[in-house]
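Working notes, structure below.
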Amino acid sequence: MSSVKLHPMKEVKIIIEGEHLRFVTDVLDRIKASGYTIFSSISGKGHGGFHEGHMMFNDTSSLQMVLTVVPEEKLDPILSGLKPFLERHSGSLFVLDACVLRPDHFDPADS
Amino acid sequence: MSSVKLHPMKEVKIIIEGEHLRFVTDVLDRIKASGYTIFSSISGKGHGGFHEGHMMFNDTSSLQMVLTVVPEEKLDPILSGLKPFLERHSGSLFVLDACVLRPDHFDPADS
Amino acid sequence: MSSVKLHPMKEVKIIIEGEHLRFVTDVLDRIKASGYTIFSSISGKGHGGFHEGHMMFNDTSSLQMVLTVVPEEKLDPILSGLKPFLERHSGSLFVLDACVLRPDHFDPADS
């Protein structure tokens, strides 16, 4: 048992082509996700044909990953906001259980 | 409860020296992991003596992280395919529970 | 069921401004975390006012993410070592359950 209290949250990772980054962060802003981190030196080989066959490992320009951690009640709005987009475009979304030290930092004053 | 249905998968992260990247992605291709993302602006201090002592933080050339998300039945082939390699070389492999929106995107037609 | 045995650990991710990277890695070194990986091509929008409003997506200089995986008994020392720091500075810390192939690589000889 840890003596430092941890609070359960949801970690959401969204991998999209760089041109769609703003769409994703706008959804997060609208839902008032408290913050997010963007990983830009990434490349990949995806399902559904984007970067078919052997990828160009040097072609890192087109992919970005957005990482955010939110209270569980914000997960559904994020998924609902991004699902139609992910059905039309390349991209992936993963949800994991995570814990944080300071839940107040992930739940802005609006809620 | 989320009203958007999520499907349980396994997230696998493999951190290796850059020269071994192709070996890892070849294993993933063979097992028909549906996709993966490669993180290249990373550096690290490892167990087992690779980058002994205080690392050179600017020396990011040698490490890469491969992230993939697969159905549970593909986890064992990936682990079996990479374990002998990881016993001979520097590197780390982590497995986490993750959920995805679209399980069909992670389970290509071969299976 | 996987036939390759996996061992439960804790994945800790710490996102901090670049100038504080050394503080975080010093805590990990002191606790004898066996290794860590540093992600440097990241940017972000945080809670609490750091990068207020719409972030500068090109301003990637200031953020770094440290990823480490440790046995559960090292989690509390890490959290205790970083909590006061994270209360005074911008930054986030997430803890997730992870599994590894080789627990000995994450539990150096000191313990």
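Nothing in this text is a laboratory measurement; each read-out follows from the coordinates by a stated rule. On a predicted model such as this, the values are computed, not experimentally measured, just so you know. Using ideal geometry, Cβ is built from the backbone for each residue, glycine included, and neighbour counts are taken over all protein chains shown.
Annotations
- Shielding of peptide C:28-37 by partners, expressed as the average count of other chain Cβ atoms within 10 Å per residue Cβ, is 4.
- Across the identical copies, the 7 Å label point of A:Pro103, projected outward along Cα→Cβ, sits 3.0, 3.0 nm from its counterparts, in ascending order.
- Inter-copy label distances for C:Phe23: 3.9, 3.9 nm (label point placed 7 Å from Cα along Cα→Cβ; shortest first).
- In this calculation the C-beta distance from A:Asp26 to B:Ser3 is compared with R0 = 22 Å, giving a FRET efficiency of 0.50.
- Calculated FRET efficiency for the pair A:Glu19/C:His89, C-beta based, R₀ 30 Å, to 0.05: 0.35
- Sorted shortest first, the distances from the B:Pro8 label point to those of the same residue in the other copies are 1.4, 1.4 nm; each point sits 7 Å from Cα along Cα-to-Cβ.
- Among the listed pairs B:Lys74/C:Lys45; C:Lys5/C:Lys45; B:Lys13/C:Lys74, a Cα-Cα separation exceeding 29 Å is found for B:Lys74/C:Lys45; C:Lys5/C:Lys45.
- Distance from the axis that maps chain A onto chain B is least for the Cβ of the chain A residue given, with the whole Å value, as A:Ser41, 2.
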